[in-house]
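**Student:** The structure follows.
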Amino acid sequence: MVVSDMGSAISPETIEKIFDPLYTEKSSGTGLGLAICHEVISNDHGTISVESEIGRGTSFTTCIPFATQDDARSERSVAA
């Protein structure tokens, strides 16, 4: 899934820290939103990435693999 905007973009320096817990450049907010997204997606063996270009905006891309029935059976047997 790709989510994009045509805003002012995110600096390369900020992109390096954007998924760090408690990192924010805003006066309000907790800096947890993207950190939580990253953690949840990673726990599901997925990825999240960001690309940003001044004058063009920012895109976040998430990829989460689909589970098959065999995957579900395997996880149930491990949990038992």
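The values are calculated or read from the model by the stated rules, or taken from the named source; none is laboratory data. The structure presented is a predicted model; accordingly, all values stated were derived computationally and were not measured. Ideal geometry is used to build each Cβ from the backbone, glycine not excepted, and the neighbour counts take in all protein chains shown.
**Student:** Select from the range 44-80 the residues that are modelled with pLDDT under 70 and surrounded by 11 or more Cβ atoms within 10 Å (Cβ to Cβ) and write down the one among them that is farthest from residue 9 (Cα to Cα).
**Tutor:** So, considering only residues that are modelled with pLDDT under 70 and surrounded by 11 or more Cβ atoms within 10 Å (Cβ to Cβ), the one farthest from residue 9 (Cα to Cα) is 74.
**Student:** Considering only residues that are touching a Cys at 6+ places or on another chain (Cβ under 9 Å) and without any contact (Cβ under 8 Å) to a residue 40 or more places away in the chain, which ones fall in the range 1-50? Explain how you work it out, then say what you get.
**Tutor:** To start, the set of residues in the range 1-50 that are touching a Cys at 6+ places or on another chain (Cβ under 9 Å) comprises 1, 19, 41, 46-49.
If the condition is that a residue be touching a Cys at 6+ places or on another chain (Cβ under 9 Å) and without any contact (Cβ under 8 Å) to a residue 40 or more places away in the chain, then 19, 41, 46, 47, 48, 49 are the ones that fit.
**Student:** Can you run down the residue pairs with Cβ atoms below 8 Å, 6 or more apart or on separate chains, where the first is in the range 51-63 and closer than 8 Å to residue 5 by Cα and the partner is among the β-branched types (Val, Ile, Thr)?
**Tutor:** 58/10; 58/50; 59/2; 59/3; 59/50
**Student:** Could you run through the range 1-43 and say how many residues are in a loop (DSSP other than H, G, I, E, B), among the β-branched types (Val, Ile, Thr) and surrounded by fewer than 11 Cβ atoms within 10 Å (Cβ to Cβ)? Explain how you work it out, then say what you get.
**Tutor:** Going residue by residue through the range 1-43, those that are in a loop (DSSP other than H, G, I, E, B) are 1, 6-11, 16-32.
Imposing the further condition that a residue be among the β-branched types (Val, Ile, Thr) reduces the set to 10, 18, 24, 30.
When the remaining residues are screened for being surrounded by fewer than 11 Cβ atoms within 10 Å (Cβ to Cβ), the result is none.
Number of matching residues: 0.
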